[in-house]
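The values are calculated or read from the model by the stated rules, or taken from the named source; none is laboratory data. Small disclaimer: the values here were computed from a predicted structure and weren't measured. When we count neighbours, we look across all protein chains shown, and the Cβ atoms used for this are built from the backbone with ideal geometry, even at glycine.
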Amino acid sequence: MEENKNYHIIAISGSLREESYNTMALKTAQKVAPPNIIVEQISIKEVPFYNEDLYKKDFPPLVNELVAKIKSADGVLIVSPEYNYSIPGVLKNAIDMFSRHPDKPFDSKAVAIMGASTGLFGTARMQYHLRQVMVFLNAWTVNRPEIMIGQAKDKFDANGNLTDSKATEMIRQLLISLAGLSELISKK
Ligand code: FNR
């Protein structure tokens with residue numbers, strides 16, 4: 001990462017839940033980001049189900065807008081729960097929709113993944129499925145740090161603040177790694 005350059009990161013939560021631990025973790029990233037890394041959250045709540053009959057040519061205006069945001073960003077941060085050992089349907093659907101858009105927003109894009117779950121393994125299985133999806137999209141995923149916030153019920157306070165200081169510092173490091181990877185990609 002270059003200290004004197006600004007990096008614009010688009011962040012997506014894989015949970016639509018009001019009190020989502022993953023959205024809380026995303027907001028932690030916004031709070032702890034170095035001053036030159038701007039983390040903008042986008043919502044996938046209104047992305048319709050992908051149907052190739054309907055969306056092969058004309059994508060919904062919201063999808064065009066979200067794709068444009070991802071395309072022009074320096075990187076993408078995905079913060080997601082694990083559902084049944086894998087990627088939540090809403091997130092997978094949004095990625096599938098974006099991936100069929102002619103602008104190919106994930107192609108050669110730097111992507112960081114993290115997640116929180118109430119289980120012990122903190123979304124580890126979801127993260128490896130998501131990394132596999134990113135291979136097909138030709139995205140570049142950040143290898144380290146891997147942030148898997150297990151037993152999330154005990155890691156956030158009533159105001160949604162992450163109380164685990166080690167995880168908080170790792171989130172800051174993840175953003176720095178993401179900006180660094182985007183820098184590498186831009187030079188290739
Ligand atoms: C879960 N949860 C869960 N947790 C986990 O560690 N591994 C899993 O495979 C699953 N599977 C799963 C499936 C479905 C359909 C739901 C609704 C939940 C529990 C999950 O970690 C918990 O609900 C989190 O709070 C979800 O994240 P948000 O919504 O708080 O961000």
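When 33, 116, 110 are screened for being touching a Ser or Thr at 6+ places or on another chain (Cβ under 8 Å), within 17 Å of residue 172 (Cβ to Cβ), modelled with pLDDT of 95 or more and more than 16 Å from the ligand (Cβ to nearest atom), only 110 passes. Do the conditions hold for residue 114, that is, is it surrounded by 22 or more Cβ atoms within 10 Å (Cβ to Cβ) and over 25 Å from residue 6 (Cα atoms)? Taking the combined requirement at face value, the residue does not satisfy it.
Go through 39, 67 for me and flag whichever is out of contact with any Pro (no Cβ under 8 Å at 6 or more places or on another chain), of a type in the set (A, V, I, L, M, F, W, C) and away from the ligand (no atom under 16 Å from the Cβ). Show your work before the answer.
Values: 67 fails: out of contact with any Pro (no Cβ under 8 Å at 6 or more places or on another chain).
Matching residue, one of 39, 67: 39.
Under 6 Å by Cβ, and 6 or more places apart or on different chains, what pairs join a residue from the stretch 87-104 that is within 12 Å of residue 126 (Cβ to Cβ) with one that is in a helix (DSSP H, G or I)? Taking only residues 6 or more apart or on different chains, the pairs are 87/126; 87/129; 87/130. For the stretch 23-74, the set of residues classified as within 18 Å of the chain's Cα centre (by Cα) and in a loop (DSSP other than H, G, I, E, B) consists of 33, 34, 43, 44, 45, 46, 47, 73, 74, listed by residue number. Counting the residues of the stretch 94-146 that are under 30 Å from residue 56 (Cβ atoms) and either part of a loop (DSSP other than H, G, I, E, B) or small (Gly, Ala, Ser) (or both) gives 15.
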